[in-house]
Amino acid sequence: MPVDLSGTWVLETNDNFEEYMKILNIDLVTRKIAAHLSQTKIIIQDEDKLTIKTLSTFRNYEISLTIGEEFDEYTKGLDSRMLKTRVSWEGDALVCTQKGEKANRGWRHWLEGDKLHLELYCEDVVCHQVFTRKQ
Ligand code: VLZ
């Protein structure tokens, strides 16, 4: 466990989220609702077990996994696709690859000072989110 990302984190900036939702074919009405949502990320890291909850007033999304092991991910309430997903450490970054019909899909979490960063990517689109610890 290179770093501990555990905690409750509140979204502070969200660059290109609209483009990320578009490339996932999320419909216009959903995008308009989701665009300005406050998002809270709850990360529970225990050795090689990891749970990540993304909470909002509109929809919640949760994954639980073992780091390094591929699992079936169903992106329920997001783009509702089946993916073959694997999360592993690349140095101090937690890196996820999501194999499915969309190329170059995945995400990456890392810490910078007291901020939690997240890049969500798909094809040529990158969304960059920064979270601060909930007080
Ligand atoms: O997070 O992939 O932390 O799963 C947006 C929820 C979540 C708000 C976006 C409602 C995906 C959106 C977050 C309705 C379309 C994500 C991973 C990395 C863990």
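The values are calculated or read from the model by the stated rules, or taken from the named source; none is laboratory data. Note that the structure is a prediction, hence the values are computed from the model and not measured. All Cβ positions, even for glycine, are placed from backbone atoms using ideal geometry, and neighbour counts span all protein chains on display. All accessible areas refer to the heavy atoms of the entire protein, side chains included, with ligands and DNA or RNA removed. Shrake-Rupley method; radii C 1.70, N 1.55, O 1.52, S 1.80 Å.
What the table below lists for this structure:
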item: Verdict on Asn104 being modelled with pLDDT of 95 or more and in contact with a His (Cβ under 8 Å, 6 or more places away or on another chain); result: no
item: Test: residue in the range 42-52 that is basic (Lys, Arg), near the ligand (Cβ under 10 Å from one of its atoms) and open to solvent by 40 Å² or more (accessible area, probe 1.4 Å); result: no
item: Pick from the range 110-135, criterion in a loop (DSSP other than H, G, I, E, B) and either without any contact (Cβ under 8 Å) to a residue 24 or more places away in the chain or more than 20 Å from Ser38 (Cβ to Cβ) (or both), ranking: most open to solvent (accessible area, probe 1.4 Å); result: Gln135
item: Filtered residue count, the range 63-109, keeping only those that are assigned to a strand (DSSP E or B), touching a residue at least 24 places away in the same chain (Cβ under 8 Å) and surrounded by fewer than 18 Cβ atoms within 10 Å (Cβ to Cβ); result: 1
item: Enumeration of residues in the range 30-41 that are more than 7 Å from the ligand (Cβ to nearest atom) and either in contact with a His (Cβ under 7 Å, 6 or more places away or on another chain) or of a type in the set (Ser, Thr, Tyr) (or both); result: Ser38, Thr40
item: Enumeration of residues in the range 6-29 that are aliphatic (A, V, I, L, M) and away from the ligand (no atom under 11 Å from the Cβ); result: Val10, Ile23, Leu28
item: When residues of the range 1-37 are limited to those that are in a loop (DSSP other than H, G, I, E, B), open to solvent by 70 Å² or more (accessible area, probe 1.4 Å) and within 20 Å of Tyr121 (Cα to Cα), the one modelled with the lowest pLDDT; result: His36
item: Conditions (1) touching a residue at least 12 places away in the same chain (Cβ under 8 Å); (2) in contact with a helix residue (DSSP H, G or I) (Cβ under 8 Å, 6 or more places away or on another chain); number of the one not met by Glu19; result: (2)
